[in-house]
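Please treat every number below as a calculation from the coordinates, not as lab data. Please read these numbers as outputs of a predicted model, since none were measured by experiment. As a convention, Cβ positions derive from the backbone with ideal geometry for all residues, glycine included, and neighbour counts pool all protein chains shown.
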Amino acid sequence: MIYQGKVHKYGRDIDTDVIIPARYLNTSDPKELGKHALEGLDTEFINKVSPGDMLVAEENFGCGSSREHAPIAIKAAGITCVIAKSFARIFYRNSINMGLPILECPEAVDGIKFGDKVEVDTNKGVIMNLTTGDIFKATPFPDFIQEIMKKDGLINYLKDKLGSGGS
Amino acid sequence: MGMTITEKILASHAGKEKVRPGELINVGLDLVLGNDVTAPIAIREFKKIGVAKVFDKDKVALVPDHYTPNKDIKSAEQAKILRDFANEQQITNYFEIGRMGIEHVLLPELGLVLPGDAVIGADSHTCTYGALGAFSTGVGSTDLAASMATGEVWLKVPPTIKFIYKGKMNKWVSGKDLILYTIGKIGVDGALYRSMEFAGETIKMLSMDSRFSMANMAIEAGGKNGIIEPDEITLAYVKERAKRDFKVYKSDDDAEYEKVYEYDVTKIEPQVAFPHLPSNTKGISEVDNIKIDQVVIGSCTNGRIEDLRIAAEVIKGHKAHKNIRLIVIPATQKIYKQAMNEGLVDIFIDAEAAVSTPTCGPCLGGHMGILAEGERALATTNRNFVGRMGHLKSEVYLCNPAVAAASAVLGRIASPDEINKG
């Protein structure tokens, strides 16, 4: 997939409590969760974000709780992909499993500023800063993970693997 | 080259002789876990896969502990999704309120996790069971859904970092302080994707409850799992609980470690993690006059009987400071009863504490002790992120149960040594 969008940039150790505060975890409705995306980090985010925008952050994005509500809220807020220097491991798994494209690329994070327009080719792992013209290459995913991403998540991947009839 | 305990458990559960760090493997699971926050999404996703039944009704544990007893209608509906699914699938290990406890305290207490097991849970603190010499790690809801269907999970074999603790711990120092100190040294991503193996003579002297506190917070350093080799203390704990066979794994002498850290624990004093990261630690003697509004003693990190005994020892004969709301939450029904029988609940109530039925409640800012704007809590929990316990402009400090109890009496963050000075 190729995505184009405007960048919202944040710092390091963005935890899942600020991505979606626990007071909203009494629902699993993506629409409801999307309304509160990043509320603990930036109360204005939800008013600034437009469908197609991207998140760029420093190290350890998504640390803390295992709540899958975090990537769900980000996706439901209209974010198409997240680029970070590194991801916390459960957030990384969750994003791949539920079909939110993520890319690990320290150089891109350093080379992209808040408000830049960026194009991302998730299949090739290529990130282009359309504002500056710089091009970056993200760390490639292992083949197995690419398979899951191509199927838009683990459930679709499993459905194909196990057959629709079930066991 | 030998293998670490983590590599051995993963190899055995992947049907392999040997695994190396970086290898992607499919791991067969002894138990998969979900709670009232994560399982509703997992159940929704499970139903999309198209399998009729979970892989093994005895190997799925569902514990509604985060927002229970149900805090509002929405949480009641989430908990009902678990209950209905547990009934429909005839899940053996579903724990209704009155029978439940905080998941990571309850499952070991019941002998549902044993040494050598491989466990995943849709809760980040699933790494707690490493204290038993099991491999356990937190995942999200979709992983839980897939594992409920297949009994397997894909994992990348983590490199291991070894942490060696030497010397005798000072008074009032516990496993909580060792892990806070460690996170303070290496940072909240200091063990990202790594296995954290805790070893050394100090660990061999450590109680099971303190070991659980340590393994519990491996995730706070970004770790995939935290693990301690089983010894006599572990075996004494599991002997009275195990209802099935288990296997004790130990790291080979020539196992490969990515890094080795050594700490002299005689230099470690009770630790306090300042807002807003668990790595933001200071020794208690470096803490200035920090006034607090609320003290929480409990959680999957420190809601065990040893924690309550230490807190009661410190607070006995005192009352919580007039400006303090003290909340004590035994982590399971069994611990609650034990605390009653030992007179600990009397001590807490005499100290004017609110003693609650088991729940994760305040730890994640769910219910049972939410902070207002500008308020400050000291808690024996595991996270002090922005807004973790309530308002975005509230603060959480983390510590062990002894410091929490002393601070409740004095109304500010304080050492237990200050209490009995007269």
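Across the stretch A:128-134, rounded Karplus estimates of 3J(HN,Hα) from the backbone phi angles (6.51 cos²θ - 1.76 cosθ + 1.60, θ = phi - 60°) give 10, 7, 5, 6, 10, x, 6 Hz, Gly and Pro being marked x. List B:THR357, B:THR281, B:THR142 from most exposed to least, where exposure is judged by having the fewest other Cβ atoms within 10 Å. Arranged by neighbour count, lowest to highest, B:THR357, B:THR281, B:THR142 become B:THR357, B:THR281, B:THR142. Of the GluC sites (Glu not before Pro) found in the stretch B:7-43, those in coil by DSSP whose Cβ has at most 11 other Cβ atoms within 10 Å are B:GLU17. Backbone geometry of the stretch A:82-95 corresponds, through the Karplus equation with coefficients 6.51, -1.76 and 1.60 at θ = phi - 60°, to 3J(HN,Hα) couplings of 10, 10, 9, 5, 7, 10, 5, 5, 6, 4, 4, 4, 4, 5 Hz, x marking Gly and Pro.
Inter-chain Cβ neighbour count for B:382-394, averaged per residue, equals 4 (cutoff 10 Å, partner chain atoms only). Annotation: Cα Rg of the stretch B:5-263 relative to the compact-globule expectation 2.2 N^0.38 Å equals 0.99. Label point of B:ALA242 set 7 angstrom out along Cα-Cβ; within the stretch B:126-144, amide nitrogens under 18 Å from it belong to B:129-136.
Remark: mean inter-chain Cβ contacts per residue of A:27-35 equal 2, using a 10 Å Cβ-Cβ cutoff to other protein chain atoms.
Using the charge dipole of the stretch B:271-420 (Lys, Arg: +1 at Cβ; Asp, Glu: -1 at Cβ; taken about the Cα centre), state which of B:PHE348, B:LEU392, B:SER415 has its Cα farthest towards the positive end. It is B:LEU392.
For B:TYR165, nonlocal amide neighbours, meaning residues 5 or more places apart or on other chains whose placed amide H falls under 5 Å from its own, are B:ALA199, B:GLY200, B:GLU201, B:THR202, B:ILE203, B:TYR263. Around the amide H of B:LEU371, modelled in the peptide plane, lie the amide H atoms of B:GLY390, B:HIS391, all under 5 Å away and 5 or more residues distant in sequence or on another chain.
Give the Kirkwood hydrodynamic radius (Å, one decimal) of the stretch B:271-420, defined as one over the mean of 1/r across all pairs of different Cα atoms. So the Kirkwood estimate lands at 14.7 Å. Ordering B:123-131, B:334-342 by mean Cβ neighbour count within 10 Å, with the highest value first, yields B:123-131, B:334-342.
Across peptide B:183-189, the average count of Cβ atoms from other chains found within 10 Å of a residue's Cβ is 3. Treating r as the C-beta distance of B:ASP254 and B:ALA52 and R0 as 45 Å, the FRET efficiency rounds to 0.45. Taking a point 7 Å out from the Cα of A:LYS137 in the direction of its Cβ, the residues of the stretch A:72-115 whose backbone N falls within less than 17 Å of it are A:103-109. Under the convention that each Lys and Arg Cβ holds +1 and each Asp and Glu Cβ holds -1, the size of the dipole of the protein assembly as shown around its Cα centre is about 620 debye. Charge tally around B:LEU112: other residues with Cβ under 11 Å, Lys/Arg +1 each, Asp/Glu -1 each, net -1.
Coupling constants for the stretch B:181-192 follow from the phi torsions by the Karplus curve (6.51 cos²θ - 1.76 cosθ + 1.60, θ = phi - 60°), and in residue order they are 4, 4, 5, x, 6, 9, x, 6, 10, x, 10, 3 Hz; glycine and proline get x.
Within the stretch B:183-339, antiparallel bridges make up roughly 30 percent of the DSSP beta bridges whose residues both belong there. Applying both filters, DSSP loop and at most 16 other Cβ atoms within 10 Å, to the GluC sites (Glu not before Pro) of the stretch B:346-384 gives B:GLU352, B:GLU373. With the simple model of a label 7 Å out from the Cα in the direction of the Cβ, B:ASP350 to A:GLU119 spans 7.5 nm. If only the Cβ of Lys and Arg carry +1 and only the Cβ of Asp and Glu carry -1, the dipole of the stretch B:5-263 around its Cα centre is close to 180 debye.
Does anything in the stretch B:327-351 have its amide N under 19 Å from the 7 Å Cα→Cβ label point of B:LYS319, and if so which residues? Those under the cut-off are B:327-328, B:345-351.
Ranked for footprinting exposure by Cβ neighbours inside 10 Å, fewest first, B:SER210, B:SER141, B:SER356 give B:SER356, B:SER210, B:SER141. Summing charges over neighbours of B:GLY121, with a neighbour being any other residue whose Cβ is under 10 Å away from its Cβ, gives -3 when K and R count +1 and D and E count -1.
Most simply put, the protein assembly as shown has about 30% antiparallel DSSP beta bridges, counting only bridges with both residues inside it.
The calculated FRET efficiency for the pair A:GLN4 and B:LYS18, based on their C-beta separation and a Förster distance of 35 Å, comes to about 0.15. Taken over the protein assembly as shown, the convex hull of the Cα atoms encloses 140 Å³ per residue. By the beta-carbon count within 10 Å of each Cβ, the least crowded to most crowded order of B:HIS318, B:HIS13, fewest first, is B:HIS318, B:HIS13. Of the chymotrypsin sites (Phe, Trp or Tyr not before Pro) in the stretch A:66-162, the ones in a loop by DSSP (not H, G, I, E or B) with at most 14 other beta carbons within 10 Å are A:PHE114. With 0.36 nm allotted per residue and the present C-alpha distance subtracted, the B:LYS168-B:ILE290 stretch has 41.0 nm of extension available.
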